[in-house]
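Worksheet: one structure, shown below.
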Amino acid sequence: MVDELARLERLVQGWFANMQHESGALSSYEMAAFRGLLGSEGYDFLGEGGSRVVVALSPDLVAKIDTMIDWAGVNRTEADRWREAERVGYGEVFNPVLFITESDMAWMDSRILVTPRAQVVFEHEVPRGRKREYASALKSAIEFFEQCYPGSDDVEDIHYPFNWGIVDGQVRCIDYGS
Ligand SMILES: Nc1ncnc2c1ncn2[C@@H]1O[C@H](COP(=O)(O)OP(=O)(O)O)[C@@H](O)[C@H]1O
Ligand SMILES: [Mg+2]
């Protein structure tokens, strides 16, 4: 996994270092080119959101790559929140952040986050048989935000089922960095 991550980090760093513009998000054209590069290097594409592209790093792990050009903040926020959730006893409802890349270059720091691969089954609706578990996990996640980040608008995002998945048979929030 360490070798695989180092290879991905070099690839991503090389690609971002060659960007023509220096800030903001990738255009849809650049995003398609980036996905193409990852695919041609053998990475299975698993999804993308407003700020990250997600690829498989191994059968059990994924890499979330921030696609903002000058600053990769979402991964850092997610990692900080993960540490806080664990500290205050809400770790079981969030997908753990296992590793985050670090760099002296601000634009590369926290560019890649490693987390367990989830079954993404909540895109459209909460599956039958998971509704109670989902409701209870969501309640805990909201409590966590209210306790540790009172007034933060980001609590809105975790209400969406598509930010949830199943990891090790448990319902967990898989996107809590935005
Ligand atoms: N742990 C995971 N395992 C498998 N797929 C994932 C995982 N996390 C995210 N994804 C997929 O990648 C997409 C983008 O990831 P997400 O964390 O939502 O990024 P963003 O912060 O840009 O919204 C998700 O909508 C989902 O389809
Ligand atoms: Mg998302």
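What follows is calculated from the coordinates using simple rules that are stated; it is not laboratory data. Being a predicted model, the structure only gives us computed values, none of them experimental. Here the Cβ positions follow ideal geometry from the backbone for every residue, glycine too, while neighbour counts run over all protein chains shown.
Among the residues of region 156-178 satisfying the criterion of being within 16 Å of Ala85 (Cα to Cα) and β-branched (Val, Ile, Thr), which is surrounded by the fewest Cβ atoms within 10 Å (Cβ to Cβ)?
My answer is Ile158.
Just to be sure I understand, how many residues within region 47-61 are within 13 Å of ligand 2 (Cβ to nearest atom), part of a strand (DSSP E or B) and in contact (Cβ under 8 Å) with a residue 12 or more places away in the chain?
4
How many residues does region 1-46 hold that are among the polar types (S, T, N, Q) and assigned to a loop (DSSP other than H, G, I, E, B)?
Of the residues in that region, 4 qualify.
Scan Gly73, Gly89, Gly36 and give me the residue that is of a type outside the set (Ser, Thr, Tyr), surrounded by fewer than 16 Cβ atoms within 10 Å (Cβ to Cβ) and within 16 Å of ligand 2 (Cβ to nearest atom).
Gly73
Any residue that is in a helix (DSSP H, G or I), out of contact with any Ser or Thr (no Cβ under 6 Å at 6 or more places or on another chain) and away from ligand 2 (no atom under 15 Å from the Cβ) - is there at least one of those in region 164-178?
There is no residue in region 164-178 that is in a helix (DSSP H, G or I), out of contact with any Ser or Thr (no Cβ under 6 Å at 6 or more places or on another chain) and away from ligand 2 (no atom under 15 Å from the Cβ).
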